[in-house]
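A.B. asks: The structure follows.
The values are calculated or read from the model by the stated rules, or taken from the named source; none is laboratory data. These numbers come from a predicted model, not from an experiment. Cβ coordinates were reconstructed from backbone atoms using ideal geometry, including for glycine residues, and neighbour counts include every protein chain displayed. Just so you know, the surface numbers come from the protein's heavy atoms only, side chains and all, with ligands and any DNA or RNA stripped out. Shrake-Rupley method; radii C 1.70, N 1.55, O 1.52, S 1.80 Å.
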Protein chains: 2
Amino acid sequence: MDSQQFREAATATIDEIITYFDTLGSRGVVSAVEPGYLRKLLPAEAPQDGEPWADIQKDIEAKIMPGITHWSHPGFHAFFPCATSYPSILGELYSAALSGACFNWICSPAVTELETVVLDWLAKLLGLPACFLSTGPTRGGGVIQGSASEAILTAMVAARDKYLRETLPFPYPLPSSTSSPATDSSDTDTETANAREEAIARKRARMVALGTTLTHSSARKAAQILGVRFRAVRVSARDGYALTAPALAAALAECRAQGLEPFFLAATLGTTDVCSVDDFAGVAEALDADYEAAAAAGVVFSGGGDGFGGRHGDGDGAGDGQRTTTNNGCAAVAGAQGQSRPGEVWVHVDAAYAGAALVCPEVQARVRIGLIERFHSFDMNMHKWLLVNFDASCFFVRDRDWLVRALGVNQAVYGNKASDGGLVTDYREWQIPLGRRFRSLKIWFVLRSYGVKGLQEYIRRTIALGEQFAASLRAREDLFEIVAGPSFALTVFRLAARSEGETLEERNALTRALYEKVNATGKIWLTSTVLDGRFAIRLMTGVRTTEREHVEAAVKTLVEVAEEVMKG
Amino acid sequence: MDSQQFREAATATIDEIITYFDTLGSRGVVSAVEPGYLRKLLPAEAPQDGEPWADIQKDIEAKIMPGITHWSHPGFHAFFPCATSYPSILGELYSAALSGACFNWICSPAVTELETVVLDWLAKLLGLPACFLSTGPTRGGGVIQGSASEAILTAMVAARDKYLRETLPFPYPLPSSTSSPATDSSDTDTETANAREEAIARKRARMVALGTTLTHSSARKAAQILGVRFRAVRVSARDGYALTAPALAAALAECRAQGLEPFFLAATLGTTDVCSVDDFAGVAEALDADYEAAAAAGVVFSGGGDGFGGRHGDGDGAGDGQRTTTNNGCAAVAGAQGQSRPGEVWVHVDAAYAGAALVCPEVQARVRIGLIERFHSFDMNMHKWLLVNFDASCFFVRDRDWLVRALGVNQAVYGNKASDGGLVTDYREWQIPLGRRFRSLKIWFVLRSYGVKGLQEYIRRTIALGEQFAASLRAREDLFEIVAGPSFALTVFRLAARSEGETLEERNALTRALYEKVNATGKIWLTSTVLDGRFAIRLMTGVRTTEREHVEAAVKTLVEVAEEVMKG
């Protein structure tokens, strides 16, 4: 395909995309194909000779579209949104043209630097404490990850390594772990190194990550990947499905009693099931009390590690600082990098979906976002509810060295003057993969095209749609019971009880019938969950194209079907 | 931005991209900006009001381009290529418009099904054994990962869990690891469960992953993430930097002697430093001998696990099959899923770059790709040398259940009829993240636009350019010594010795001077490595835009600077 052919092909593609969005509402929301539909339509092998673009393009409508579930459809009320917008599409277009692996600064300085700048913009826009800014007092900063799952895994790896570094009685990681590939690590397999590996393995075996029963499954998956234990603290309707100080305190005490060492907690701002928000103040309180009690009971947090932790070789010791608070309100400590008590539990705030609403100051105030200065990392997905298309998970950390020490692996071929000089950021050391796309472009375009006011208006509008929906349900208490919300444009509900004697099973079955019949209409798409055994339906109103009339239509459908189900 | 504004903006963007590619050779290869250049050019915060597209777009050339290193520049000879092509850009364009999280089949059946089909196309095109096809005899298949690092991490997680499942004397994973989030895992914290967690932790502590001193750093990083030991087997120039049977046998014996349990080996087809290829037959031989010796020595591989391993509940036991070979040449075993000996070392073949050359039958024959039927997983990046832009790491596994059992985590909100019925693929269970982009579109477009012949022609052309370059160096033995290659369009070389008495340090310093001076010209970009203490320069000729004349120009520059360095 030469330049001229590309111009024609791209113009035709742009036309098709515009038509797609302009007529999206007329399609069914969810694909209705049967499993295996596509293999029947395609050849068994790649063609020997190249095909003209026109032949390829016509297969989009003919073969691909029937298998698409339309996440930007106004009737998409399932899961959470997965955004797209015109400015974001343009960002992907430039990014594809400027394709590069971009693991180091020199691989394209603009890729690294724009990312640092726009994530600082975003941190300010979300009202995050200054310690999460790259220019902040604690060497914090943001990095774009592919998904919230990758962010929580990255956080957990950093947390585990920080904990080991701070609590082992010898340097961690061991030298062999950071040696260059040109050096056989068996060179260092002395008896000492082996004994230390054993001690690390023993300690790892006692470490436990915590979440709640409503923490996203990615936390459990991350623990599975790390090979550490995971404990879910039960949260209940009584507490609005939020993690509270007493519940966390009990779980921590249970772990300590079993000789386990808690090192990580996933707190959530907007759980997937009900959009609940954990009690940040309570979490901090419970962790403080646990730390003091454990220290008093003789649990040794501070090892003799000399800070041997990577190529920076700055030799700062763990546990050499006293906790202080700087005048910008960020928890910080005297000393280069010791902004936390040695061995304290790392708190990661998963705000994958609801974090987007922090663009509104009233939401920042309501969730008291300033409290997260006590915590260690924060993640939100612009690709869910903030108009940037997948993938753009924005992950912030209070001290970037925590990432670099855990994830920085050297290889001779990646050496270069800028990196070796230590003046630049190499984002490969902040993430699981090596290479990375130019994802900050689409964020930059969206922030500039919409402006802060445009984003606030969008978030407020979709939150109001959620309230409109919940009000419609409340107006029909004969048919519906709200189980949770509306919270961040999400309402969770079930069928009202038909009689006082109705069992949980009966009510679940009827609610499931409602759910399945409504989805079968093809007009809207809902997802479901199970809360303390109660089957419930989730309806989310965050999609960009959803308007008041669509919510009214959804209510109408729900009422019609609910009346039918209740009768029959 | 409305439809009409998008049409104008996209048209202007397409124009700019075409101009970019048409004039790319006239730019410097590597960005020459100073660290921090971009922050000075941008506001400190996101704008309050939206900006028109024209204002945004003009910043691309003014502010972004100076910070871009051009990976598609004909003078880009560094690292490996990171591809882009017009058909691939169109794939990204559609993918952005159809944005969805696509973690389950129902989230867009076309996203899952096209991926399965095009990865089968690719497996056939690369000559992979049939066991890596989704339609093959062993329930294999391919999945698109973001990078080779994610692929090797995924493989290592699956390998570790497979090993534990097969060698522990009780079911693995423990029930609590797969319970739904609605169930507090502490419900199952009986004494038995705790004792089992301890046993798992003890075994994990003995497990070791192996690679070589030229294995990509992502293997070591994956081991660091998993928290398992890593040993690098030394490979040497004498063996062409390939892992051989004797070297692997010695490393395995050393591990066994230390009471360690090898569970994973990263073998490489095309190492980053020199594009060497490990001896697959030798690897298989050494592993067979190790397995038999360990079994004879009483190492217990087969536990009493009952195959309790996930939601499939198929109850197949580990170690219940005998090794046989099916008539299609794939190693397989009687029984539903037991295609491997219990507790055997998982071999992952990292062909991230050089795997692309397998589109040529002569390369398939030369590396004897059929031998990998003995191994467990294979990965190659179409985004390096096969014209698909980043990211498209194509990861194949011989039995997809190995992935699902290790990475499948349930959450009520993701339940749906298609998934629960077990008839479809949910790729979230084959990878680290939950959500995923529609990445198969760009692969489909590239395979169809170029056709098999077009891809073969491109690979052969760039391999020939590597041979042309190496021949030019050989013609100047007074100036250059080839250290390795040409192999897969990569040549590694250093300055010739000026005198017999020249020390390694002197020669390294002169070669480094050559390297730095050539890069300083801005005409081409090279990277370097260190092999057994010898500093060497890598020159790769795989970029799509590189032609004979560019290689000639590169040689001319190298000769001029080398003569200068040799004199001075």
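A.B. asks: Looking only at segment B:439-457, how many residues end up being open to solvent by less than 10 Å² (accessible area, probe 1.4 Å) and more than 7 Å from every other protein chain (Cβ to nearest Cβ)?
C.D. replies: Residues meeting the conditions: 7.
A.B. asks: Could you please find all residues in segment B:27-53 being free of Cβ contacts under 8 Å to residues at least 40 places away in the same chain and open to solvent by 60 Å² or more (accessible area, probe 1.4 Å)?
C.D. replies: B:GLU34, B:ARG39, B:LYS40, B:LEU41, B:PRO43, B:ALA44, B:GLU45, B:GLN48, B:ASP49, B:PRO52
A.B. asks: Right, another one. From the list B:PHE80, B:PHE6, which residue is more than 7 Å from chain A (Cβ to nearest Cβ) and of a type in the set (A, V, I, L, M, F, W, C)?
C.D. replies: From the options B:PHE80, B:PHE6, the qualifying one is B:PHE80.
A.B. asks: So is B:VAL492 over 29 Å from B:ALA357 (Cα atoms), open to solvent by less than 50 Å² (accessible area, probe 1.4 Å) and modelled with pLDDT of 95 or more or not?
C.D. replies: no
A.B. asks: Does segment B:458-480 contain any residue that is within 14 Å of another protein chain (Cβ to nearest Cβ), in a strand (DSSP E or B) and farther than 27 Å from B:ILE68 by Cβ?
C.D. replies: No, segment B:458-480 has no match at all.
A.B. asks: Moving on. Residue by residue through segment A:260-301, note down the ones that are of a type in the set (Asp, Glu) and touching a Phe, Trp or Tyr at 6+ places or on another chain (Cβ under 8 Å).
C.D. replies: A:GLU261, A:ASP273
A.B. asks: Given the residues A:ILE524, A:ILE482, which is the only one that is open to solvent by less than 30 Å² (accessible area, probe 1.4 Å) and modelled with pLDDT of 95 or more?
C.D. replies: Selected residue: A:ILE524, the only one of A:ILE524, A:ILE482 that is open to solvent by less than 30 Å² (accessible area, probe 1.4 Å) and modelled with pLDDT of 95 or more.
A.B. asks: Check A:THR541 against each of (1) within 14 Å of chain B (Cβ to nearest Cβ); (2) under 19 Å from A:ALA464 (Cα atoms) and name the one condition it does not meet.
C.D. replies: Among (1) within 14 Å of chain B (Cβ to nearest Cβ); (2) under 19 Å from A:ALA464 (Cα atoms), the lone unmet condition for A:THR541 is (1).
A.B. asks: Being assigned to a loop (DSSP other than H, G, I, E, B) and either open to solvent by less than 10 Å² (accessible area, probe 1.4 Å) or without any contact (Cβ under 8 Å) to a residue 40 or more places away in the chain (or both) is the filter here; which residues of segment B:119-133 pass it?
C.D. replies: B:LEU126, B:LEU133
A.B. asks: Moving to a separate point now. How many residues are in a helix (DSSP H, G or I) and closer than 25 Å to A:GLY67 by Cα if we restrict to segment A:515-550?
C.D. replies: Total meeting the criteria: 7.
A.B. asks: While we're on this one: Kindly provide the set of residues from segment A:3-26 that are open to solvent by 30 Å² or more (accessible area, probe 1.4 Å) and of a type in the set (S, T, N, Q), ordered by number.
C.D. replies: A:GLN4, A:GLN5, A:THR11, A:THR19, A:THR23, A:SER26
Per-residue answers, yes or no, for (1) out of contact with any helix residue (DSSP H, G or I) (no Cβ under 6 Å at 6 or more places or on another chain); (2) crowded, with 17+ Cβ neighbours inside 10 Å:
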{"residue": "B:ALA475", "(1), (2)": "yes, no"}
{"residue": "B:PRO486", "(1), (2)": "no, yes"}
{"residue": "B:GLU502", "(1), (2)": "yes, no"}
{"residue": "B:TYR515", "(1), (2)": "yes, yes"}
{"residue": "B:ASN519", "(1), (2)": "yes, yes"}
{"residue": "B:PHE535", "(1), (2)": "no, yes"}
{"residue": "B:GLU552", "(1), (2)": "yes, no"}
{"residue": "B:GLU560", "(1), (2)": "yes, no"}
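A.B. asks: Filter segment A:417-435 down to the residues that are within 8 Å of chain B (Cβ to nearest Cβ) and part of a loop (DSSP other than H, G, I, E, B), then identify the one that is surrounded by the fewest Cβ atoms within 10 Å (Cβ to Cβ).
C.D. replies: Once the filter is applied, the top-ranked residue is A:LEU423.
A.B. asks: Being in contact with a Lys or Arg (Cβ under 7 Å, 6 or more places away or on another chain) and charged (D, E, K, R) is the filter here; which residues of segment A:11-56 pass it?
C.D. replies: Across segment A:11-56, the qualifying residues are A:GLU45, A:ASP49, A:GLU51.
A.B. asks: So, of the residues in segment B:376-408 that are among the β-branched types (Val, Ile, Thr) and surrounded by 24 or more Cβ atoms within 10 Å (Cβ to Cβ), which turns out to be farthest from B:ARG160 (Cα to Cα)?
C.D. replies: Step by step, filter segment B:376-408, then rank; the result is B:VAL388.
A.B. asks: Go over the candidates A:ALA489, A:ALA412, A:ALA406, A:ALA470 one by one and state the one that is touching a strand residue (DSSP E or B) at 6+ places or on another chain (Cβ under 8 Å) and in the same structural domain as A:ILE369 (by TED's automatic domain parsing).
C.D. replies: Going through A:ALA489, A:ALA412, A:ALA406, A:ALA470 in turn, just one is touching a strand residue (DSSP E or B) at 6+ places or on another chain (Cβ under 8 Å) and in the same structural domain as A:ILE369 (by TED's automatic domain parsing): A:ALA412.
A.B. asks: What is the residue count in segment B:107-118 for residues that are more than 7 Å from every other protein chain (Cβ to nearest Cβ), within 25 Å of B:LYS417 (Cβ to Cβ) and open to solvent by less than 10 Å² (accessible area, probe 1.4 Å)?
C.D. replies: Number satisfying all stated conditions: 3.
A.B. asks: Still on this structure, please answer the following. Among the residues of segment B:124-154 satisfying the criterion of being within 13 Å of B:HIS376 (Cα to Cα) and within 12 Å of another protein chain (Cβ to nearest Cβ), which is farthest from the chain's Cα centre (by Cα)?
C.D. replies: B:LEU133
A.B. asks: Name the pairs: first residue in segment A:249-262 and at negative phi and in the same structural domain as A:VAL283 (by TED's automatic domain parsing), second residue in a helix (DSSP H, G or I) and among the β-branched types (Val, Ile, Thr), Cβ to Cβ under 9 Å, at least 6 apart or on different chains?
C.D. replies: Sorted first by the residue in segment A:249-262, then by its partner, the pairs are A:GLU261/A:THR167.
A.B. asks: When you scan segment A:230-242, do you find a residue that is open to solvent by 10 Å² or more (accessible area, probe 1.4 Å) and within 22 Å of B:ARG428 (Cα to Cα), even just one?
C.D. replies: yes
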